[in-house]
Amino acid sequence: MTARRPKRHGDRGKIVVEVLVQSPRWKARPRAAALLRRAIRTAARAVSTGGAELAIVLTDDSAIRALNRLWRRRDAPTNVLSFPAAKTAVPRPRGTGARRRAPPRLLGDIVIAYETVAQEAAAARKPFDHHLVHLAVHGFLHLLGHDHENEREAETMERLEIAIMARLGVPDPYASDAGAAPPRK
């Protein structure tokens with residue numbers, strides 16, 4: 001069982017983002033956790049996500065390749081994987097009129113691989129940090145149920161990503177970047 005930080009009274013309606021660094025390669029990016037928290041909180045405000053929590057796992061190509069092989073039957077590293085949490089009902093408060101807060105809903109996990117992010121950012125001539133926050137936002141939208149399996153879904157998801165990235169001060173990740181690979185879920 002994973003330990004959770006205690007909830008503070010002011011946490012209602014906020015998104016809690018736990019960043020777990022599982023590869024020493026991420027030491028080269030000491031600001032990554034703060035960037036990711038800001039990106040997810042900005043995305044949550046943009047799509048009106050209420051109180052929720054998620055984890056972002058910063059790993060390497062070897063670990064994400066194993067996950068990709070196990071869960072998607074693709075034996076290759078990828079940049080980002082999203083693992084939505086199982087849907088569970090939150091119990092309704094009962095009693096003598098005393099109001100209890102429902103716990104934040106668990107959205108799931110986002111896993112990001114260092115080497116693939118670095119290679120894609122370099123190939124697209126984008127700052128690493130821009131590509132990283134784009135992948136985090138992309139993974140977050142997957143946790144909320146967005147997808148890109150058909151043209152309509154892809155356009156909707158891309159519009160959301162572009163709008164969120166603009167709020168973060170990051171250029172349109174899809175604009176004239178023929179050399180860049182799109183996010184791979």
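Read the figures in this text as sums done on the coordinates, not as results from a lab. Nothing here was measured: the structure is a model prediction, and the numbers come from that model. Note that we place each Cβ from the backbone using ideal geometry, even for glycine, and neighbour counts take in every protein chain shown.
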From the phi angles alone, apply the Karplus equation (6.51, -1.76, 1.60; θ = phi - 60°) to the range 137-151 and give each ³J(HN,Hα) in whole Hz, x where the residue is Gly or Pro. 5, 4, x, 4, 5, 4, 4, 7, x, 6, 8, 9, 6, 9, 4
Would you please give the residues with an amide H less than 5 Å from that of LEU20, counting only those at least 5 places away or on a separate chain, with H modeled from the backbone geometry? ILE56, VAL57, LEU58
Once amide hydrogens are built 1.01 Å from N within the peptide plane, the residues lying 5 or more places from GLU53 or on another chain with amide H under 5 Å from its amide H are VAL16, ARG105, LEU106, LEU107
Please arrange PHE140, PHE83 by counting, for each residue, the other beta carbons lying within 10 Å of its beta carbon, fewest first. PHE83, PHE140
Within a Cβ distance under 11 Å of ASP61, other residues only, what is the Lys/Arg minus Asp/Glu net charge? 0
Residue by residue through the range 37-46, which ³J(HN,Hα) values in whole Hz follow from phi under the Karplus form 6.51 cos²θ - 1.76 cosθ + 1.60 (θ = phi - 60°), with glycine and proline marked x? 4, 5, 4, 5, 5, 5, 5, 4, 5, 5
Exposure proxy ranking, count of Cβ atoms within 10 Å, fewest first, for MET165, MET157: MET157, MET165
Quick check: from the Cα gyration tensor, does the range 19-83 come out rounded (a/c under 1.5), prolate or oblate? oblate
Built amide H within the under 5 Å cut-off of THR78, gap 5+: ARG65
